[in-house]
Amino acid sequence: MTNSLKQLAIRGAFWTIAGYGSRQILRLGSNLILTRLLVPEFFGLMALVNTVKMGIELFSDYGITQSIINNKRGDDPVFLDTAWSLKVIRGFQIWGLSWLLTYPVAQFYKAQDPQGELMVLLPLVGFTAVLDGFGSTALLSWERNIEVRKLMIYELLLTAFTLSCLILLCWWNPSVWSLALGNVVGSGMHMLCSHFIDPTQRNRFRMDREILKEIQNFGKWVAVASSIMFVADQADRFILAKLLSFEKLGVYTIAYTLASIPRDVIRELSGKVIYPAISKQLDLPRSHLREKIVKQRWLLLLGLAVLLAGLTTCGDWIIMLLYQGRNKHWDQYQQATWMMPILCSGIWFSVLFYTTSPALMAISKPMYSAQSNFVRFAMIGIGMPLAFSKFGELGAIVVIAMSDLPLYSVNLYGLNQEKLSCTMQDLYCTAFFLAIVSLFLLTRYSLGLGVPIHLLLQGS
């Protein structure tokens, strides 16, 4: 990595973490307010709606973002206009599919949604895809050139505006409709603002056949990988929504969201820094590229190991600290105290995955990502219902927590095949993570503070 690119990547990593952390603080603050205004059922209902919308988006993924970042013509106005035109078309496709899926989804979850609110919520939230589709490609150009500071400031301001509107709407009308309308308002503001952040980019409808073919050729495996990634990442919500009530799904969503903070941090770094940086070094021999990846991973993995160990050990305290005080719905939310530590413990394999999978994507091998996510989906789709039938909620949560292991294993195979293996580094860092978790748990127990899943043990 040249010095200029290395400095750019370091600045990008700093701004990614700072920006993501700031946005998470805003989201956490708004969530604490919203949980005092709304019952868990509303969060469970919206979790299902957003999952359906996300599924449609990923199943119709053309690989537009990845193409702009990876393609040598990614700064060409003709390329950007063609990509933007595809974005607009895709937005309407997603909205249309939202309408088509509304009735079957509502019928499938009729027992959990007797009032039929899904019939309106799905197309309403689906309209945000149209608004997002009209958004400018300026943001994607920032990602391509690792201008993370601009991107993070923009996303932070947009998040603050959206969450403020969401809180005001829920205070004025504490219902699930306010949550849905808040999404629409946020997407509308994003669409408008994106066209004013860079005066040099003015997108217009244009379709260049050669560019269209390039995007399609690159995006075909991206579409497969994204589709399978969706069913792997979101199958838990679909299945839990059927097995449990929307109330318990809402509680699970809160625990999962907090537990996934390390995963989300590394996923942000993966997409906004690691992938663009590796894409700019594809002319290097594989052995040199691997050495650079390994060298840059050490500090990142060790830092995330300590963070994840802390969340695993103290997850129940975090839930109690954030949601117990002055919360009339605490009796419903407290089940998240035992879910979060279990979910945190399995995210380590996701950390290993997202720090190396960008390398396979950058060398145009997204098929490994598709295979990784397919194996994860198979574990959740088959293992979770079986575990639930045998061990109830605990069994389902344990399967979800361990579902990142097959994801990582297949990715490891792909790295070995492409001569980019980081196996020894992963073993050393995993041993370090387990040692830190053991140390933290032993310290907590020796101080008479019990274990993170004490509520679960009391129930048994």
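We did not get these values from a lab; they are worked out from the coordinates using the rules stated. This structure is a prediction, so every number in the text was calculated from the model and none was measured. Here Cβ is always computed from backbone atoms with ideal geometry, including for glycine, and neighbour counts include all displayed protein chains.
Fully extending the segment from ILE382 to VAL294 would add 28.2 nm, taking 0.36 nm per residue of separation and subtracting the current Cα-Cα distance.
Per residue of the chain, the DSSP helices (runs of n ≥ 4 H) give a summed -39500 (n - 2.57) that works out to -26000 deg cm²/dmol at 222 nm.
Label zone (LYS419, point 7 Å along Cα-to-C-beta; backbone nitrogen cut-off 18 Å) within the range 360-374: 360-365. Taking semi-axes √(5λ) of the Cα gyration tensor in Å as calculated from this structure, the corresponding entry among [x] 49, 24, 17; [y] 98, 33, 15; [z] 33, 29, 21 is [z]. Counting other Cβ atoms within 10 Å as a rough exposure proxy, the listed residues LEU240, LEU34, LEU157 run LEU157, LEU34, LEU240 from fewest neighbours to most.
Just list whichever of LYS87/LYS365; LYS110/LYS390; LYS110/LYS248; LYS53/LYS292; LYS248/LYS390 have alpha carbons separated by over 28 Å in the model shown.
LYS53/LYS292, as the Cα separations exceed 28 Å there.
Taking every full run of DSSP H in the chain, the ones that stretch at least 24 Å from end to end by Cα along their long axis and average 0.5 or higher on the Kyte-Doolittle scale are 40-59, 77-108, 148-172, 176-194, 286-323, 423-446.
Sorting LYS365, LYS87, LYS72, LYS295 by the number of Cβ atoms found within 10 Å of their own Cβ, with the fewest placed first, yields LYS72, LYS295, LYS365, LYS87. Simple rule: put +1 on each Lys or Arg Cβ and -1 on each Asp or Glu Cβ in the chain, find the dipole, and look at TYR413, TYR256, TYR333; the Cα lying farthest toward the positive end is TYR413.
Scanning the chain for chymotrypsin sites (Phe, Trp or Tyr not before Pro) lying in DSSP loops with no more than 12 further Cβ atoms inside 10 Å, the longest uninterrupted stretch between such sites is 206-460.
Placing a pseudo-label 7 Å from each Cα along the Cα-to-Cβ vector at ARG149 and THR430 gives an inter-label distance of 3.9 nm.
Using DSSP to define loop residues, name the trypsin sites (Lys or Arg not before Pro) in the range 312-395 whose beta-carbon has at most 12 other beta-carbon atoms within 10 Å. Answer in residue order: ARG326, LYS328. For GLN115, project a label point 7 Å along Cα to C-beta. Then give me every residue of the range 25-46 with its amide nitrogen under 19 Å of that point. Backbone N within reach: 34-46.
Residues THR423, THR82, THR162, ranked from the fewest to the most other C-beta atoms within 10 Å, line up as THR423, THR162, THR82.
Multiplying the residue separation of THR443 and ARG204 by 0.36 nm and removing their Cα-Cα distance gives an extension gain of 80.0 nm. Given R₀ = 45 Å, what would the calculated FRET efficiency be for TRP177 paired with ILE197, taking r from the Cβ atoms and rounding to 0.05? About 0.90, to the nearest 0.05.
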